[in-house]
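The values are calculated or read from the model by the stated rules, or taken from the named source; none is laboratory data. Worth saying up front: this structure is predicted, and the values here are computed from it rather than measured. No Cβ is skipped: glycine too gets one built from the backbone with ideal geometry, and neighbour counts run over all protein chains shown. Side chains included, ligands, DNA and RNA excluded: accessible areas come from the protein's heavy atoms. Shrake-Rupley method; radii C 1.70, N 1.55, O 1.52, S 1.80 Å.
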Amino acid sequence: FPNQEINGLTLAAVGRKTKLDHIQVSYAGDDSYEFFGGTVDTKYMIAYGGIDDDFDTDNGYSGRNQFLLGKRFRQVADQSTSQTFESDNDASGSRNEPLTRAVYSNVTAIGAVADTSWTPGSGDNNQYNRLFGSAAMIRRNSRISILNSVFAGFPAAVEFGGPNPGFSADAASRDSLQLRNNTYIGIKANWRN
């Protein structure tokens, strides 16, 4: 139901001494993984067929994550839009510390758009759910970094949004957040604002 989210795996203020690896979340009713603060590192995580975002970070989460896979289905998306990454500092987009500074590397994300000629909708086999967003939604003053990753089949590559969208976009221009050595294949648009 709206605003009654059930994530596949919710991590609230989990610390770096916790070991999380070789985990798969399938068909989550909301985000596959959501990190509310904390510093836990992850490896070898799979998000398969979730409704909302594959990897959602906020409230100062600053862990390191690598060797991840996200797989989406063309008609399965959430009312709030669905991405591989959704990242916020906090709900108001403040500059409150600690800032969300998660680092993701070596990610493969397979989106819902099998061909760039596909259109949003639900009637034909060559349409994807209109509620699919960008491969990465970076908003509300987040400082997430995504490195050495591959994104295929999304309506757009990266979106800076939410209240104060310029905070994250400015951080990218100053290298306070980094989008480096990523490959975008079959993406319909580069950026969304």
With springs only between Cα atoms under 10 Å apart, run a GNM on the chain and tell me which of 156, 112, 91 wobbles the most.
91
Can you list the equivalent-ellipsoid semi-axes of the range 1-133, largest first and in whole Å, using the square root of 5 times each Cα gyration tensor eigenvalue?
27, 16, 13
What whole number of Å gives the distance from the Cα centroid of the range 92-113 to the Cα centroid of the range 5-33?
14 Å
Take the range 74-129, compute every pairwise Cα distance, and split them into 10 Å bins from 0; I just need the percent in each bin.
18, 35, 28, 17, 3
With θ taken as phi - 60° and the coefficients 6.51, -1.76 and 1.60, list the Karplus ³J(HN,Hα) couplings across the range 86-95 in order, rounded to whole Hz; mark glycine and proline as x.
10, 9, 10, 6, 8, 4, 9, x, 6, 9
Using the heavy atoms of the protein chains alone and a 1.4 angstrom probe, what is the accessible area of the range 48-177 per residue in square angstrom?
37 Å²
With only Lys, Arg, Asp and Glu charged, each at its Cβ (+1 for the first two, -1 for the last two), find how big the charge dipole of the chain is about the Cα centre; round to the nearest 20 debye.
540 debye
Which length gain, in nm to one decimal place, applies between residue 189 and residue 152 when the Cα-Cα distance is subtracted from 0.36 nm times their residue separation?
12.1 nm
Defining a contact as two alpha carbons under 8 Å apart and six or more residues distant in sequence, what relative contact order in percent does the range 47-186 show?
25 percent
Please list the non-local residues whose amide H lies under 5 Å from the amide H of residue 145, H modeled 1.01 Å from N, same-chain partners needing a gap of 5 or more.
102, 103, 104, 178
Hey, what number do you get for the chain at 222 nm if only DSSP H runs of n ≥ 4 count, each worth -39500 (n - 2.57), divided across all residues, to the nearest 500?
-1500 deg cm²/dmol
Please report Rg over Rh for the range 1-79, where both radii come from the alpha carbon positions and Rh follows the Kirkwood definition.
0.97
If r is the Cβ-Cβ distance from residue 12 to residue 172 and R0 is 30 Å, what FRET efficiency results, to the nearest 0.05?
0.65
